[in-house]
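A short worksheet on the structure shown next.
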Amino acid sequence: MVKHQHKVLSLILCAALLFTALMCGTVSAFAAAGDTIYVRVNNSWSNVYCYMWTDGDQNAAWPGIQMTKVSNGVYSYTLPKAYANVIFNNGSGGGTNQTGDMIYPGGGQIYDLSAGSWSAYSNDPTPTQGTTPVVNPTNPVVNPTNPVSGGVTVYLKNTAGWSNPNCYMWNSDSDKNGSWPGVAMTKVEGNVYSYTASKEYAGCIFNAGGGSPQTADLTTMNGQIYDNSTNTWSVYDTSPIQIKSYSADPDSSVYVGTTVDLSANAVSTSGTIVYKFSVTNASGATSEIAQNYTGVASWTPTATGNYTIKFEFSDTAGNTNSRTMKINVENDASLVNPIIKSITPGNLNMIKRNVSATVSVSAGGGKTGTNLLFYKYIVKDPNGVSNTPYYTLNSTYSFTPTMLGKYTVEVFVQSSDNTTVNKTYTYTATDSDVTVPTNVTTPPVVPTSPTSASGYQVGDVNMDGAVNVKDATFIQKYIAKYVGYLNINVELGDVTGDGVVTVKDATAIQRMINM
């Protein structure tokens with residue numbers, strides 16, 4: 001109901017703000033274009049949206065814009081124009097699915113969903129120098145070339161042409177790497193400079209030696225390089241294997257029995273990449289999770305503690321590279337808010353047309369009131385038609401797909417105090433059994449530029465003269481028997497050369513275009 005009342009409230013708030021500005025001779029404090037608003041998601045929400053407005057002008061239709069994850073539990077949204085009011089929500093509305101109508105105080109502040117209060121965003125301390133805090137949207141990584149025990153190494157890509165790059169680092173006003181403007185950086189190659197600190201620092205500012213020009217206050221990203229023209233971080237890596245991404249989902253609020261989906265992507269100039277995933281517990285015992293050519297794996301912790309996930313990459317030429325990520329696993333035995341630990345079958349699985357598919361939910365938490373958990377399932381077919389959902393005590397739900405194509409299943413778990421968490425999963429209904437092996441011993445054949453008898457390059461299944469992601473998508477739709485994709489030129493689609501067109505060929509095409 002709150003979301004339907006915000007227009008009237010916004011008129012009153014805007015009038016009050018205008019009156020205050022006129023009386024005090026100052027400009028109102030609410031956000032301007034380019035301002036970034038933050039929210040700390042420390043409740044049961046799995047998604048978070050930002051809905052903003054001033055009078056009748058809104059940033060998007062309800063529920064607003066999905067926010068971008070910048071660190072564990074913290075999300076951001078950068079305003080395209082000035083707005084005075086805000087509602088955070090989980091994509092739905094009403095009750096515990098949204099906040100009330102609020103005035104945004106401006107200045108890059110963060111709203112704590114549990115505390116229900118605003119504060120200065122202090123993911124990194126702010127020194128006397130610097131401007132608006134800037135938070136990098138990726139996870140920090142261990143420096144692959146020159147790690148320092150207990151320290152940190154950062155790089156600067158000096159595309160702005162500063163004559164004397166310096167790096168100023170700090171944890172607080174009394175804990176910093178030196179007086180302003182910091183320490184002169186060392187030239188590595190070309191316009192790349194580096195600085196290695198003897199300890200870890202949360203914040204850093206790159207500057208031209210005298211303090212101007214300089215970057216905003218940055219979150220220190222160990223092993224990463226900052227471009228002072230684009231104002232972005234990226235992995236600084238000169239390895240023959242270039243790591244494009246690696247992630248764990250979820251990477252925070254992980255509980256015993258939670259399925260953690262691991263994903264990695266890298267490219268090599270020397271052939272096919274083998275991905276290896278392993279985990280080390282607090283006592284130092286290491287076990288392998290998976291080794292494959294797909295770059296995906298799943299891990300389910302069975303005990304609490306601090307774990308280190310290791311992503312290892314190797315190619316046929318013997319080149320290697322690696323990344324690590326730390327995950328803390330907790331116990332949900334006394335957790336009040338409900339959580340979804342895992343869904344079977346997993347996300348993006350194939351299901352068969354006219355065959356019953358059963359969704360099984362593993363949930364936890366909800367330790368309040370009756371300690372019961374309630375489940376609701378919304379199944380939407382490829383035409384967008386959904387069932388009529390009801391809450392039940394059953395943690396399983398069965399449905400029979402009668403159409404080919406994509407089905408979405410939105411799972412809701414609710415505790416006895418009506419606190420709700422939800423996640424959406426996607427399945428593809430097909431008439432054939434499609435399986436992707438978890439571990440393989442022989443890499444798939446990936447041709448570089450073979451030409452078929454028809455004159456088209458192998459992999460160019462839509463015959464538009466280029467092999468790209470459109471061809472991989474064409475194969476996936478062919479497998480799922482989408483209307484308009486029922487026929488395919490096997491000579492062009494059989495990229496792996498095994499005589500049939502399968503999901504392996506779509507994967508091979510993706511690997512071709514990333515090489």
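The values are calculated or read from the model by the stated rules, or taken from the named source; none is laboratory data. Quick caveat, the model's predicted, so the values are computed rather than measured. Glycine gets a Cβ as well: all are built from the backbone with ideal geometry, and neighbour counts include every protein chain shown.
Looking only at the range 215-233, count how many residues are over 18 Å from residue 320 (Cβ atoms) and crowded, with 16+ Cβ neighbours inside 10 Å.
The number of residues fulfilling the criteria is 13.
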*Any residue at all in the range 247-258 that is under 18 Å from residue 319 (Cβ atoms), assigned by TED's automatic domain parsing to the domain that holds residue 310, among the β-branched types (Val, Ile, Thr) and in contact (Cβ under 8 Å) with a residue 12 or more places away in the chain?*
no
*Among the residues of the range 361-368, is there at least one that is hydroxyl-bearing (Ser, Thr, Tyr), more than 21 Å from residue 92 (Cα to Cα) and surrounded by fewer than 12 Cβ atoms within 10 Å (Cβ to Cβ)?*
no
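Sort out which residues of the range 36-65 are under 14 Å from residue 97 (Cα atoms) and of a type in the set (S, T, N, Q), and write them in order of number.
42, 43, 44, 46, 47
Taking the conditions exactly as written (farther than 19 Å from residue 170 by Cβ, small (Gly, Ala, Ser), part of a strand (DSSP E or B) and out of contact with any Pro (no Cβ under 9 Å at 6 or more places or on another chain)), does residue 229 satisfy them or not? It would help to see each step written out before you state the result.
Values: farther than 19 Å from residue 170 by Cβ: yes; small (Gly, Ala, Ser): yes; part of a strand (DSSP E or B): no; out of contact with any Pro (no Cβ under 9 Å at 6 or more places or on another chain): yes.
No.
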_Selection within the range 468-508 - buried (at least 21 other Cβ atoms within 10 Å of the Cβ), at pLDDT 80 or above and more than 23 Å from residue 353 (Cα to Cα)_ = 471, 492, 493, 494, 495
_Whether any residue in the range 16-28 is under 27 Å from residue 340 (Cβ atoms) and either among the small types (Gly, Ala, Ser) or at pLDDT below 85 (or both) is what I want to check._
no
_Members of the range 141-171 found to be modelled with pLDDT of 90 or more, within 32 Å of the chain's Cα centre (by Cα) and either among the aliphatic types (A, V, I, L, M) or not in a strand (DSSP E or B) (or both), listed by number_ = 154, 156, 158, 159, 160, 165, 169
*Would you call residue 267 surrounded by 17 or more Cβ atoms within 10 Å (Cβ to Cβ) and hydrophobic (A, V, I, L, M, F, W, C)?*
no
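Starting from residues that are in a strand (DSSP E or B) and not hydrophobic (A, V, I, L, M, F, W, C), keep the ones in the range 204-216 and report whichever is nearest to residue 163 (Cα to Cα). Explain how you work it out, then say what you get.
Here is the first cut: in the range 204-216, the ones in a strand (DSSP E or B) are 204-207, 214.
Now drop any that are not not hydrophobic (A, V, I, L, M, F, W, C), which leaves 207, 214.
Numbers: 207: 10, 214: 12 Å.
Ranking the qualifying residues of the range 204-216, first place goes to 207.
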*Of all residues in the range 395-406, which are surrounded by 12 or more Cβ atoms within 10 Å (Cβ to Cβ) and either assigned to a loop (DSSP other than H, G, I, E, B) or of a type in the set (Phe, Trp, Tyr) (or both)?*
395, 397, 399, 400, 401, 403, 404
*Given the conditions (1) within 30 Å of residue 329 (Cα to Cα); (2) hydrophobic (A, V, I, L, M, F, W, C); (3) crowded, with 18+ Cβ neighbours inside 10 Å, report the number of the one that residue 241 does not fulfil.*
(1)
*Might you let me know whether the range 190-203 holds any residue that is part of a strand (DSSP E or B), in contact (Cβ under 8 Å) with a residue 60 or more places away in the chain and either buried (at least 21 other Cβ atoms within 10 Å of the Cβ) or assigned by TED's automatic domain parsing to the domain that holds residue 294 (or both)?*
yes
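I'd like the full set of residues that are out of contact with any Pro (no Cβ under 9 Å at 6 or more places or on another chain) and either hydroxyl-bearing (Ser, Thr, Tyr) or part of a loop (DSSP other than H, G, I, E, B) (or both), limited to the range 260-270. Spell out how you get there, then give the answer.
First pass over the range 260-270, keeping only residues out of contact with any Pro (no Cβ under 9 Å at 6 or more places or on another chain): 262-267.
The one that is out of contact with any Pro (no Cβ under 9 Å at 6 or more places or on another chain) and either hydroxyl-bearing (Ser, Thr, Tyr) or part of a loop (DSSP other than H, G, I, E, B) (or both): 263.
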*Which of the residues that make up the range 217-226 are assigned to a strand (DSSP E or B) and polar (S, T, N, Q)?*
219, 224
*Does any residue of the range 217-232 turn out to be out of contact with any Lys or Arg (no Cβ under 8 Å at 6 or more places or on another chain), at pLDDT 85 or above and aliphatic (A, V, I, L, M)?*
yes
*Return the total of residues in the range 232-248 being in a strand (DSSP E or B) and over 16 Å from residue 169 (Cβ atoms).*
11
*What pairs come up if the first residue lies in the range 218-231 and is under 14 Å from residue 202 (Cα atoms), the second is modelled with pLDDT of 90 or more and not in a loop (DSSP other than H, G, I, E, B), and their beta carbons are under 6 Å apart, counting only those six or more places apart or on different chains?*
218/204; 220/204
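From the list 67, 102, pick out the single residue that is at pLDDT 80 or above, in the same structural domain as residue 42 (by TED's automatic domain parsing), under 27 Å from residue 220 (Cα atoms) and crowded, with 17+ Cβ neighbours inside 10 Å. Before the answer, list the steps.
Values: 102 fails: under 27 Å from residue 220 (Cα atoms).
Selected residue: 67, the only one of 67, 102 that is at pLDDT 80 or above, in the same structural domain as residue 42 (by TED's automatic domain parsing), under 27 Å from residue 220 (Cα atoms) and crowded, with 17+ Cβ neighbours inside 10 Å.
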*Subset of the range 172-228 (residues that are under 32 Å from the mean Cα position of the chain (by Cα), closer than 14 Å to residue 156 by Cα and of a type in the set (D, E, K, R))*: 189, 227
